[in-house]
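**Student:** This is the structure, below, for whatever I ask next.
Only the coordinates and a few stated rules stand behind these numbers; no lab work does. None of the values given here were measured: they were computed from a predicted structure. For neighbour counting, all protein chains shown are included, and Cβ atoms are generated from backbone atoms with ideal geometry for every residue, glycine included.
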Amino acid sequence: MKKIIIIGGGIAGLSAGIYALQAGFEAEIYEKNHIVGGQCTGWYRKGYYIDNCLHWLTGTKEGSDLYKIWENVGVLGNTIKVLQPDSFYSVKLNGEKLTLWKDLKKTEKEMLALSPEDKKEIKKFIANTRMAESMRMPTEKAMDMMNIFEIIKFGFSMGDMGKVIKEYGRINVAELSERFKHPLLKCLIKDFMAKEYLAYSLIVSYATFTSGNGGIPEGGSRQMAMRMEKRFIDLGGKIVLNTGVSKIKIGEDNKAEGIELEDSKLVNADYIICACDTDFTFHHLLDETYMDKKLKDVYDDRKNNPVFSSFHIAFGVDGRFEELEDTILFECEPIRVGTQTAKRMSVKNYTSYGPDIAPEGNTLIQCQFIQYEEDYDYWNTLVQDKKKYDDKKTEIADEVLKRIETNFPAYQGKIDILDVWTPITYHRYCNAYHGAYMSFITTTGSQTTMFSGDIKGLDNVVLGSQWQMNPGGLPIAAIMGKFAVQRIQKKEKSR
């Protein structure tokens, strides 16, 4: 039985491990942290569970392509309850409120009642969201491994998605917001995600929710990762925790012999899957000369292929936050976060994720502020002085708390700060490039959004990372773990 070593115990690594064992390989995962899951994780503070990752999970609709993957790796199944909220998110401005509902007819009705003069764009937005419900990801085989007939078949399976891309694939979210006249509609479009994303990214995200394919598995991120861990171990896999990998050992004939651990120990393997950040792969585990030119060009073009991260604060609320069912974004007094000045902010209620999220009768809420690469540089400079770094986090959290209490005065004195984390946290914990927890933003200037997992010049090392396909995230990670094993199977057949 040939042995596969997987570097990284996040969702991609766990997926790769499960598919490797099912394909008849021996599989070992090496993870630098004390638990698996990577960025798909959560932790406890003062009796509250803080979820770092999961806002919704694409692929929760039974029978969908992604559901089959999630079911196979242990994330979903008959015994796993999936929460389907009624609303995606809401926005408030000048005393008015607007919501993106799961029910598209209800959303359309509210939009038209708010702004009849925007009827044309509203109708177009709703129609394209319906069409975007046909959006699919390649889950059976990587695009670069498909033949022409398989590519054509996959294209046809996308239904009307091509029309959505034609309509919204040449403008970004900020430009889409300007198509609307009413200020609240503008906020509804541009508040939720980084403004540089192509507009169809928002349409697809909302369509995933309206189609019922974007629910929340009970227990959130941590339980999701633990179910995958159990599945991997039950199949006979081995996980080595608290063990960082310093480099991939290359022998004769450009073939990897195995991995060298941070304690200099060498572990041999027949194949290696790099299920980690691709910047870390090609600047630490391997030499940059092994990086695919298309991927290198994207890293080199920071203007057209930006990444983003976030500044997060988690709060515990004494009581049920009845006014907040899911996520709301509202205007606030300007606040400086990193190099950004925010005039609007979001608050999300996580209590519905399960019975153990907050102490009985209490509520967990979180705030998230988008941070760009210049913000990562800001925090990276600040963290050199740990006290200044911690003081700044506390200062911002205190200011955010004041703004929450201003907007929800009934909870003054009932909200406690539980934890604060920054782009530096993601870099420290997951070696994340510039603190990014997803892949490159697909912008109007992006060239390539999908990269092969094969590494030129290294026959027995492959990639299995969310960075291989925009926009990254949990589904891409799980898919790329599966595809990495397929690449190894193909290599085995050609020997």
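**Student:** Determine which residues of the range 1-42 fall in the zone a paramagnetic label at K265 would reach in this model, i.e. backbone nitrogen under 14 Å from the point 7 Å along Cα→Cβ.
**Tutor:** Answer for the range 1-42: 29-32.
**Student:** Another question, then. Evaluate the charge dipole of the range 98-211 about its Cα centre and quote only its size in Debye, nearest 20, assuming +1 on the Cβ of each Lys and Arg and -1 on the Cβ of each Asp and Glu.
**Tutor:** The dipole of the range 98-211 has a size of about 300 debye.
**Student:** Put +1 on the Cβ of each Lys and Arg and -1 on the Cβ of each Asp and Glu in the range 309-434; which of L401, Y378, L418 then has its Cα farthest toward the positive end of the dipole?
**Tutor:** Y378
**Student:** Using Cα pairs closer than 8 Å and at least 6 residues apart in sequence, work out the relative contact order for the range 309-434, in percent.
**Tutor:** Once normalised by length, the contact order is 36 percent.
**Student:** Between T394 and R45, how many nm apart are label points set 7 Å from Cα along the C-beta direction?
**Tutor:** Rounded to a tenth, the inter-label distance reads 1.3 nm.
**Student:** Measuring from centroid to centroid over Cα atoms, what is the spacing of the range 168-239 and the range 64-80 in Å?
**Tutor:** That distance is 18 Å.
**Student:** What's the ranking of 382-390, 317-325, 132-140 by average number of surrounding C-beta atoms within 10 Å, highest first?
**Tutor:** Peptide ranking by packing, descending: 132-140, 317-325, 382-390.
**Student:** Label-point separation (nm) for E26 and L112, each offset 7 Å from Cα along Cα-to-Cβ?
**Tutor:** 6.6 nm
**Student:** For the range 6-89, what is the convex hull volume of the alpha-carbon atoms per residue, in Å³?
**Tutor:** Residue-normalised Cα hull volume stands at 138 Å³.
**Student:** Give me the dipole magnitude in Debye, nearest 20, for the range 309-434 about the Cα centre, with unit charges on the beta carbon: positive for Lys and Arg, negative for Asp and Glu.
**Tutor:** Dipole of the range 309-434, to the nearest 20 debye: 280 debye.
**Student:** In addition: Beta carbons within 10 angstrom, averaged per residue: use that to sort the peptides 268-275, 477-484, highest first.
**Tutor:** 477-484, 268-275
**Student:** Turning to a different aspect of this structure: Please tell me the relative contact order of the range 181-273 in percent, rounded to the nearest whole number, where contacts are Cα pairs under 8 Å and at least six residues apart.
**Tutor:** Once divided by the residue count of the range 181-273, the mean separation gives 12 percent.
**Student:** Additional query: For the range 12-55 and the range 322-380, what is the separation of their Cα centres, given in Å?
**Tutor:** 24 Å
**Student:** Which of C53, C40 has the fewest other C-beta atoms within 10 Å, and how do the rest follow up to the most? Numbers along the way, then the final one.
**Tutor:** Numbers: C53 20, C40 28.
Least crowded to most crowded, the residues run C53, C40.
**Student:** Would you mind calculating the gained length between E325 and Q368 on full extension (0.36 nm times residue separation, minus the Cα-Cα distance), in nm to one decimal?
**Tutor:** Numbers: separation 43, 0.36 × 43 = 15.48 nm, distance 1.66 nm.
Gain on extension, E325 to Q368, equals 13.8 nm.
**Student:** How fast does the range 18-146 diffuse by Stokes-Einstein, in µm²/s, taking the Kirkwood radius from C-alpha pairs at 37 °C and 0.692 mPa s? Let's see the in-between values first.
**Tutor:** On the way: Rh = 19.0 Å.
Answer from the Stokes-Einstein relation: 173 µm²/s.
**Student:** Moving to a separate point now. Starting from the Kirkwood Rh over alpha-carbon pairs, what translational D in µm² s⁻¹ does the range 309-434 have by Stokes-Einstein at 25 °C and 0.890 mPa s?
**Tutor:** Numbers: Rh = 15.2 Å.
This corresponds to a translational diffusion coefficient of 161 µm²/s.
**Student:** Cα-Cα over 32 Å: which of K123/K348; K303/K490; K124/K393; K3/K294; K81/K482?
**Tutor:** Working: K123/K348 28 Å; K303/K490 36 Å; K124/K393 42 Å; K3/K294 30 Å; K81/K482 24 Å.
Beyond 32 Å between Cα atoms: K303/K490; K124/K393.
**Student:** In debye, nearest 20, what is the charge dipole magnitude of the range 133-179 about its Cα centre with +1 on Lys and Arg Cβ and -1 on Asp and Glu Cβ, if you could check?
**Tutor:** 100 debye
**Student:** Quick one: net charge of I216's neighbours, Cβ under 12 Å, K/R +1, D/E -1?
**Tutor:** -1
**Student:** Can you give me the Kirkwood hydrodynamic radius for the chain, using every pair of distinct Cα atoms, in Å to one decimal? Walk me through the intermediate numbers first.
**Tutor:** Working: mean 1/r = 0.0426 Å⁻¹.
After inverting the mean inverse Cα-Cα distance, the result is 23.5 Å.
**Student:** At what distance in angstrom do the alpha carbon centres of the range 479-495 and the range 415-430 lie from each other?
**Tutor:** Between the Cα centres of the range 479-495 and the range 415-430 lies a distance of 36 Å.
**Student:** Moving on. In which sequence would D86, D454, D160 go, from the one with the fewest C-beta neighbours within 10 Å to the one with the most? Don't skip to the answer; put the middle values down first.
**Tutor:** On the way: D86 11, D454 19, D160 15.
Neighbour counts put them in this order, fewest first: D86, D160, D454.
**Student:** Just order 402-414, 360-372 by mean Cβ neighbour count inside 10 Å, highest at the front, would you?
**Tutor:** On the way: 402-414: 14.6, 360-372: 19.3.
Peptide ranking by packing, descending: 360-372, 402-414.
**Student:** Divide by every residue of the chain the summed helix terms, -39500 (n - 2.57) for each DSSP H run of at least 4, and state the resulting mean residue ellipticity at 222 nm, rounded to the nearest 500 deg cm²/dmol.
**Tutor:** -10500 deg cm²/dmol
**Student:** Of I488, T449, G159, which is farthest on the positive side of the dipole of the chain, counting Cα position, with +1 on Lys and Arg Cβ, -1 on Asp and Glu Cβ, and the Cα centre as origin?
**Tutor:** G159
**Student:** Normalised by the number of residues in the range 98-211, what is the relative contact order in percent for Cα pairs under 8 Å and 6+ residues apart?
**Tutor:** That works out to 34 percent.
**Student:** Another question, if that's okay. Given V36, I69, T327, which one lies farthest toward the positive end of the charge dipole of the chain, if we put +1 on the Cβ of every Lys and Arg and -1 on the Cβ of every Asp and Glu?
**Tutor:** In the chain, that residue is I69.
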